[in-house]
Amino acid sequence: MTLNTLKATEAATLLLDWYDRHHRDLPWRVSPPMAARGALADPYHVWLSEVMLQQTTVQAVKAYFDKFLTLWPTVENLAAAETEDVMRAWAGLGYYARARNLKKCAEAVAREHGGRFPETEEGLKALPGVGDYTAAAIAAIAFNRKSAVLDGNVERVISRLHAIETPLPAAKPEMRRLVSELTPSNRPGDFAQAMMDLGAKICTPKRPACALCPFGGSCRALTIADPETFPRKAGRKEKPLRLGAAFVAIDSSDAVYLRKRAASGLLGGMTEVPGTGWTARRDGDTSIDAQPFAAAWEACGTITHVFTHFELHLSVYRAKVAQAVACAEGWWEPIASLKRQALPTVMKKAIAQAIPHAFKPV
DNA sequence: AAGCCGTGGCG
DNA sequence: TCGCCAAGGCT
């Protein structure tokens, strides 16, 4: 029996029964006893977790989710926060436009919606940083709306259930239609989370555990082919290698010279040490000649960092300066407080290369 | 509308 | 080891 003959309502019931027994307990979900009584998760918690989870693993998100709720317990608190503090708290999680939009979204909810999240997909999607997926997920999980939630997990599950040959992303409209047909009126939020849990734990990218799948023999990919080969995807481009340099200056009071990157683009709005203008498209100078100011620079090795679309090799230079060189654009930050700055991982690597103890606990 | 945008873990 | 990829959105 394939999904064509298995009724959608029956399929949804099979999945919800599986979810009742095997769902993951996650910090942003309501406790199972509360959920059984029909309790819904706090929309602020759902939104915050969903934005953090965009292209990011559950494991990586957990600590950040806790930190944000401790710092800003409500959306009003987050709306009132300093953007720089939000960027500092987000540092290390990646895709920093999410943090900028997170702040803007909190402000919009607080000021334009009286502190309450819109309850419709349309209203949610109008918010900064909330796209098709996140709007549908919040509507379903926080407001029990019957919205079609389609993320990477669901794409994988649906593509296998129906053995969809069309490659992504062209297949997304068809997949969204199929998810919509499968989504039940009863417990749509649990259904969405169940599809994602299934994709994360059973219908995995590699070596799926088909023997444990609640859809069992109704999966077309399992019947006719190798489920692991779905979803079909267009080939990936190879990443170019870019070169550049980073200059770590340390003054007599053990402070490091930092400056702020442009507000948008790569690592937008984040903090950096002076570099040589490398970008995703262009190499920067790797020589000592590119020094930001005159000092006794010494080479101290290279670091490698892999971004989404290119790989970067940075030659790292270090200099001790007798006193803080006057520089209008940046500031001198004590080594002891570096870990609280909005430093992306690539910059922490560069600084750690020059000052091995910089980020180690005292 | 395809390219841009981080990071860490895993097989 | 290294390519893949994880609850995508923006332009």
The percentage of the accessible area of chain A (probe 1.4 Å, all protein chains present) made up of carbon and sulfur atoms, to the nearest whole number, is 52 percent
Taking 22 Å as R0, compute the FRET efficiency from the Cβ-Cβ separation of A:Trp331 and A:Ala263 and round it to 0.05. 0.80
Mind putting together the pair-distance distribution for the range A:70-133? All Cα pairs, 10 Å bins, whole percent per bin, short to long. 23, 52, 25, 1
Phi-derived 3J(HN,Hα) across the range A:187-204 with the Karplus relation (6.51, -1.76, 1.60, θ = phi - 60°), rounded Hz, x for Gly and Pro, is 6, x, x, 5, 4, 4, 5, 5, 4, 6, 5, 4, x, 7, 10, 10, 8, 7
What's log10 of I(q)/I(0) for chain A at q = 0.09, 0.14 Å⁻¹, Debye sum over Cα points only, no solvent? -0.63, -1.15
Subtract the Cα-Cα distance of A:Glu10 and A:Leu212 from 0.36 nm times their separation in residues, and report this length gain in nm to one decimal. 71.0 nm
Counting only heavy atoms of protein chains, what accessible area per residue, in Å², does the range A:118-176 have with a probe of 1.4 Å? 38 Å²
Stokes-Einstein diffusion coefficient of the range A:241-354, Kirkwood radius over Cα pairs, 37 °C, 0.692 mPa s, in µm²/s: 232 µm²/s
Just grab the label-to-label distance for A:Arg236 and A:Thr204, each label 7 Å out from Cα along the Cβ direction, in nm (one decimal). 1.8 nm
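Between A:Thr223 and A:Thr120, what's the calculated FRET efficiency when r is the beta-carbon distance and R0 is 35 Å? Round to 0.05.
On the way: r = 38 Å, r/R0 = 1.09.
Between A:Thr223 and A:Thr120 the formula returns 0.35.
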Helical mean residue ellipticity (222 nm; -39500 (n - 2.57) per DSSP H run of 4+; nearest 500) of chain A: -11500 deg cm²/dmol
If packing is taken as the mean number of other Cβ atoms within 10 Å per residue, what is the order of A:204-212, A:220-228, highest first? A:220-228, A:204-212
Give me the extension gain from A:Lys339 to A:Asp254: residue separation times 0.36 nm, minus the current Cα-Cα distance, reported in nm with one decimal. 29.2 nm
Solvent-accessible area per residue for the range A:209-362 at a 1.4 Å probe radius, Å²? 52 Å²
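The values are calculated or read from the model by the stated rules, or taken from the named source; none is laboratory data. What you are looking at is a predicted structure, and each value in this text was computed from that prediction instead of being measured. FYI the Cβ positions are ideal-geometry reconstructions off the backbone, even for glycines, and counts take in every protein chain you see. Keep in mind that these areas ignore ligands, DNA and RNA; they rest on the heavy atoms of the full protein, side chains included. Shrake-Rupley method; radii C 1.70, N 1.55, O 1.52, S 1.80 Å.
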